[in-house]
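Bear in mind these aren't lab numbers, they're just calculated from the coordinates by the rules spelled out. Computed from a prediction, not measured in an experiment: that's the story for all the values here. Please note: Cβ atoms are built from the backbone with ideal geometry, for glycine as well, and neighbour counts cover all protein chains shown.
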Amino acid sequence: MLIVQKYGGTSVGTLERIDLVAKRIAKRKDEGNSLVVVVSAMSGVTNKLIDYAEYFSKNPSSRELDMLLSAGERVTSSLLAIALKELGYKAVAFSGRQAGLKTDSFHTKAKIELIDPTSINEALKEDKIVVIAGFQGVDKNGDVTTLGRGGSDLSAVAIAGAIKADLCEIYTDVDGVYTTDPRIESRARKLDKITYDEMLELASLGAKVLQNRSVELAKKLNINLVTRSSFNENNGTLITGEKKMEGAIISGIALDRNQARVTIRNVDDKPGVAAKIFKILSTQETNVDMIIQNIGTDGVANIGFTVPENELNQTLKALSNLDDSFSVESDSNIVKVSVVGIGMKSHSGIAALAFETLAKNGINIQMISTSEIRISIIVEAKYGELAVRILHEAYELYK
């Protein structure tokens, strides 16, 4: 098989761990597989490089920052290739540019435009293990770019598509995708299989196993993903487009603590006003999520919506230019609890069970949003973990 593997920062966090990863790769090679390995920077290195830059400037040039930050992944790829050669295997380390990753010119958050896999394919023909620095590429001007958060996962999936790999394995410090965070609910169960759509919902709702951009790309390219731990030999979780034969209705419960609610009061209840408000936010690239409008009296209404808590200040700043008659309030003492499952499409009563379970435990629901396979509920922050546990119990996800 032709396999792309990706190892995250924790998996390659020390020289000893890089050595263990090299031995794991060697074992897969001995099984007759062709391997392309994408690596992140060693744990903590990227943050240290940012600290170095901020010593000289609190607002460093994004172009120069990309040059600096991309070095972390190149260090890891070089060390891993050296380790593999020492074990007796043919290996070659590539930067993003050498691997043929072409991006746009949006430094620190570039998007992959195409991949020229010529160098990778030539190395594979020579029976080499190809080790690629993730998180980076090159733009049309020849400048180094980085892909932003989750960039190494994205690199791995894109490369898997370009070389028509049979499988893309994402190695992290957890065994796979669980029904919920095991640190919150000890009876959380690892899922053997999950659909792209379910994983997309969980990734966007706070599950940190995979970044949603990489799952979106895997779905688009129809690439089978497996997420598993680099610290043991346990089977991971397969993420695929194939439908389950007769699986669980609900796949998981997610908790997102990075939430804040904004309420705008005394909004004129007439066409175009809400559009004006959200146009202002869109120009700031604010990620507005749940929206609710309450019709008031005397021709005015209240509009409430949620944003990531780390975007609250920029949101309030953008709204400060609104009409003085508007009153803007915010609350960051909230969390979002979400129930996700492909089975919602064909089963009724899922939402009712969630609402009933929360009510029995005295948890007030502040906002609700739904999709075909998701129910998201805003509750007071102190009830977040309790909500996860009781919903996990209610849907019997421990079985």
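Remark: the chain projects, on average over all directions, an area of 22.3 nm² (convex hull of Cα atoms). Quick check: from the Cα gyration tensor, does the stretch 130-280 come out rounded (a/c under 1.5), prolate or oblate? Since a/c reaches 1.5 but b/c is at least a/b, the shape of the stretch 130-280 is classed as oblate.
Annotation: for a label point projected 7 angstrom from Cα along Cα→Cβ of Arg187, residues of the stretch 363-396 with backbone N closer than 16 Å are 386-396. Computed from the C-beta positions of Lys85 and Lys48 and an R0 of 30 Å, the FRET efficiency is 0.65 to the nearest 0.05. Beyond 25 Å, what share of the Cα-Cα pairs of the stretch 2-173 is found? Please give it as a whole percent. Beyond 25 Å sits 27 percent of the P(r) for the stretch 2-173.
Each of His392, His107, His347 was scored by other Cβ atoms within 10 Å of its Cβ. Arranged with the fewest first, they read His347, His107, His392. Straight-distance candidates among the aspartates and glutamates for linking to Lys48, with alpha-carbon spacing under 19 Å and chain neighbours fewer than 8 residues away dropped: Glu64, Asp66, Glu73. Rounded to the nearest 20, the Cβ-based charge dipole of the stretch 260-331 about its Cα centre (Lys and Arg +1, Asp and Glu -1) stands at 160 debye.
May I ask you to derive the relative contact order of the stretch 265-336, considering only C-alpha pairs under 8 Å and at least 6 residues apart, and to give it as an integer percent? Could the numbers behind the result be given before it?
Values: 75 pairs, mean separation 26.9, N = 72.
Over the stretch 265-336, the number comes to 37 percent.
With the cut-off at 1.5 for a/c, could you classify the stretch 260-331 from its C-alpha gyration tensor as rounded, prolate or oblate? Prolate. Each of Asn333, Asn310, Asn364 was placed along the dipole of the stretch 249-393 (beta-carbon charges, centred on the mean Cα), and the one lying farthest toward the positive end is Asn364. Calculated mean residue ellipticity at 222 nm for the chain: -10500 deg cm²/dmol, from DSSP H runs with n ≥ 4 weighted as -39500 (n - 2.57), summed, divided by the residue count and rounded to 500. Comparing Cα centroids, the stretch 177-225 and the stretch 329-380 end up 19 angstrom apart.
For the chain, calculate the relative contact order in percent as a whole number, restricting contacts to Cα pairs under 8 Å that are 6 or more residues apart.
Numbers: 847 pairs, mean separation 53.8, N = 399.
Dividing the mean separation by the residue count of the chain yields 13 percent.
Mind sorting Asp143, Asp66 by how few other Cβ atoms lie within 10 Å of their own Cβ, fewest first?
Values: Asp143 16, Asp66 22.
Result, fewest neighbours first: Asp143, Asp66.
Centre-to-centre, using Cα atoms only, the stretch 42-90 and the stretch 92-134 are separated by 16 Å. Cα-based radius of gyration for the stretch 279-369, normalised by 2.2 N^0.38 Å, reads 1.35. Among Val157, Val21, the ranking by other beta carbons within 10 Å of each residue's beta carbon, starting with the fewest, stands as Val21, Val157. Based on the alpha-carbon gyration tensor of the stretch 102-179 and its eigenvalue square roots a ≥ b ≥ c, which shape applies: rounded if a/c is under 1.5, prolate if not and a/b is larger than b/c, or oblate? It is oblate, given that a/c is not under 1.5 and a/b is not larger than b/c.
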